[in-house]
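To keep things clear, I will list the structure first and then write my remarks on it.
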Amino acid sequence: MRTQVAIVGAGPAGLMLSHMLHRAGIESVVLERAPREHVRTRLRAGVLEQGAIEMLRECGLGGRLDRLALKQRALDFRFGNRSRRIDFDAEIGRNVWVYPQHEVVTDLMQAREEAGGAILYEAPVQRIEDLDGSRPVVVYEEAGQTRRLACDYVAGCDGFRGVSRSFIPEDRLRVFDRIYPFGWLGILADAPAATNEIVWGCHEEGFAMQSIRTPAVTRLYLQCDPDEDPDNWSDDRIWSELHKRLDVDGMPPVNEGTITQKAVTAMRSFLAEPMQWGRLFLAGDAAHIVPPTGAKGLNSALADIKVLARALVEHYADGRDERLATYSDTCLRRMWLVQRFSAGLCTMTHQFPGQNPFERRLQRADLEYMTGSRPGRLEFSENFTGLPVEA
Ligand code: APR
């Protein structure tokens, strides 16, 4: 089999790339290890930056999004028994939207399927050959058979645990990593959120968050040990910790409901440099991971794809390769700013084991400055609603 662009992985990055290439008349084949329903229903991130929303609308995916996405104009920080909102709409006229990742994936799958796009599920990629030549080949398995897909370019969109990154020679690849000494216990509860805003509880006992999944379902998180067993958390313990960390005077308390899901996520920051080698381009979680605090995982994957799709379109339409040649530099410049924001917020809002009282007071002062001064609010608003993709 032969195609123009072979795409490894059918997460949001891989599907979005194949959709954008198709709109520009460029052929691709997506190879995905997991079954279709597994990919479609995986619960992940849920907040989209304004730029991501605009990108989805621009490429014809605005239909369900415009009906279902919930616009968020502010974030409510709670500490010292007070609520301190940062109203990004008022600060800079930009917003974020709650629209879960599985909805984005559902929209993309539907668009690709309606267009007859080639997505092979249960087709794990084993290796990539000749990346430094002009005719790379992706070797994958399908129904027990080894098959070969020849192509011009390979997009490695196969997530943090994918194989693509390992085909950049070791002496060319540098990885930067930080593992946090805590995780998040994530909960879905059948209850409308107490307020229609994302709330962050920055409490001495640990971080907590209230977000909105749908008007009838609340998404809640509690900082916990990184290897915590969710079964150690009874429903009573969960609600009592959520009240302790999120409730403040003058605001409605966390709204309780039946808990339908509990899972622990570990937290890390990770970035691989460069994001391209020969004819391979890494995008999304294959190249970078952020702690979920800033809600940047899905948004960063879409930002990479915006750059990569444009570069490939320029190559095929006009034979211009400047954007392809600078893909990694363009993405890394933005991604380090995103890493800075995500790691900084995570450090400002979570309790670290062994932290001393001085460090806790500094954290509090950082929160005071960010929420209580105009430069602090502007910086948060600009980063949270999304930095420009190509400066
Ligand atoms: N062959 C084929 N597919 C593979 C292989 C392989 N060897 N290894 C992994 N994959 C697939 C995975 O099964 C998964 O469906 O690659 C896909 C990668 O998708 P994601 O992990 O969703 O990564 P990405 O598209 O970059 O999206 C980033 O995902 O982790 C979340 O919150 C994060 O929102 C962010 C988003």
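The values are calculated or read from the model by the stated rules, or taken from the named source; none is laboratory data. A quick note: this is a predicted structure, and the numbers were derived from the prediction, not measured. Every residue, glycine among them, receives a Cβ derived from its backbone with ideal geometry; neighbour counts consider all protein chains shown. These area figures cover heavy atoms from the full protein model, side chains too; ligands, DNA and RNA do not enter into them. Shrake-Rupley method; radii C 1.70, N 1.55, O 1.52, S 1.80 Å.
Descriptive notes on the structure:
- Taking the conditions (1) under 19 Å from the mean Cα position of the chain (by Cα); (2) of a type in the set (Gly, Ala, Ser); (3) in a loop (DSSP other than H, G, I, E, B) in turn, Gly186 satisfies each one other than (3).
- Restricting Ala123, Ala74, Ala69 to residues that are over 26 Å from Leu387 (Cβ atoms) and aliphatic (A, V, I, L, M) narrows the list to Ala123.
- If you go through region 73-118 and keep only what is part of a loop (DSSP other than H, G, I, E, B), more than 30 Å from Gly376 (Cβ to Cβ) and in contact with a helix residue (DSSP H, G or I) (Cβ under 7 Å, 6 or more places away or on another chain), you end up with Ala115, Gly117.
- Cβ-Cβ under 9 Å pairs, at least 6 apart or on other chains, region 60-82 side open to solvent by 50 Å² or more (accessible area, probe 1.4 Å), far side small (Gly, Ala, Ser): Gly60/Ala111; Arg73/Ala90; Arg82/Gly250
- Taking the criterion of being more than 8 Å from the ligand (Cβ to nearest atom), of a type outside the set (Gly, Ala, Ser) and outside any loop (DSSP other than H, G, I, E, B), the residues of region 276-298 that qualify are Gln276, Trp277, Leu280, Phe281, Leu282, His288, Thr293.
- Comparison of Leu48, Leu43, Leu56, Leu31 shows that the only residue that is within 15 Å of the ligand (Cβ to nearest atom), in contact with a His (Cβ under 7 Å, 6 or more places away or on another chain) and not polar (S, T, N, Q) is Leu43.
- Picking from residues in region 117-175 that are without any contact (Cβ under 8 Å) to a residue 60 or more places away in the chain and of a type in the set (A, V, I, L, M), the one that is surrounded by the most Cβ atoms within 10 Å (Cβ to Cβ) is Val137.
- Residues of region 157-174 classified as within 21 Å of Gly14 (Cβ to Cβ) and more than 9 Å from the ligand (Cβ to nearest atom), total: 5
- Against the test of being over 23 Å from Ala10 (Cα atoms), of a type outside the set (Ser, Thr, Tyr) and open to solvent by 10 Å² or more (accessible area, probe 1.4 Å), the options Arg333, Arg310 yield a single qualifying residue, Arg333.
- Answer from Arg320, Arg310 - the residue that is assigned to a loop (DSSP other than H, G, I, E, B) and closer than 21 Å to Gln4 by Cα: Arg320
- Scanning region 146-161 for residues that are assigned to a strand (DSSP E or B) and either under 15 Å from Arg127 (Cβ atoms) or among the β-branched types (Val, Ile, Thr) (or both) yields a total of 7.
- Restricting attention to region 264-297, the residues that are among the polar types (S, T, N, Q) and modelled with pLDDT under 95 total 2.
- Scanning region 189-207 for residues that are at pLDDT 95 or above and under 15 Å from Gln223 (Cα atoms), we see that the one that is farthest from the ligand (Cβ to nearest atom) is His203.
- Count of residues meeting criterion [assigned to a strand (DSSP E or B) and over 17 Å from Pro292 (Cβ atoms)] in region 189-228: 5
- Test: residue in region 231-242 that is farther than 20 Å from Tyr327 by Cβ, of a type in the set (A, V, I, L, M) and assigned to a helix (DSSP H, G or I): yes
- His102, sole failed condition from (1) within 16 Å of the ligand (Cβ to nearest atom); (2) free of Cβ contacts under 8 Å to residues at least 24 places away in the same chain: (2)
- One residue stands out in region 10-24 among those that are away from the ligand (no atom under 12 Å from the Cβ) and in contact (Cβ under 8 Å) with a residue 60 or more places away in the chain: the one that is nearest to Val104 (Cα to Cα), namely His19.
- Just one of the numbered conditions (1) open to solvent by 30 Å² or more (accessible area, probe 1.4 Å); (2) assigned to a helix (DSSP H, G or I) is not true of Arg245: (1).
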